[in-house]
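Here the structure is laid out as structure tokens; the discussion comes afterwards.
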Amino acid sequence: MTADQVGTKPRTSRRRAPKAASVPPSCGTCAGTGETTTNVLVGRKRRETSAVQTGLCLDCFGTGTG
């Protein structure tokens, strides 16, 4: 040890405040739900019926984030 190191404290790093977790933006197609609704199509001419079915959002693959 040298003369200027005697009696001094070892240096420590300062603790930093944890960063806030960033929230990913929600998907614009499904509005963050992960599901989309489509009309049911029937017949050769693909006629729409009054029934509605839900399916996985193809933009976000069901995660709800864009």
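The values are calculated or read from the model by the stated rules, or taken from the named source; none is laboratory data. Nothing here was measured: the structure is a model prediction, and the numbers come from that model. Glycine gets a Cβ as well: all are built from the backbone with ideal geometry, and neighbour counts include every protein chain shown.
Structure summary
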read-out: Residue in the stretch 33-43 that is over 27 Å from the mean Cα position of the chain (by Cα) and either in a loop (DSSP other than H, G, I, E, B) or at pLDDT below 85 (or both) present; value: yes
read-out: Residue tally, condition β-branched (Val, Ile, Thr) and surrounded by 11 or more Cβ atoms within 10 Å (Cβ to Cβ), over the stretch 13-37; value: 3
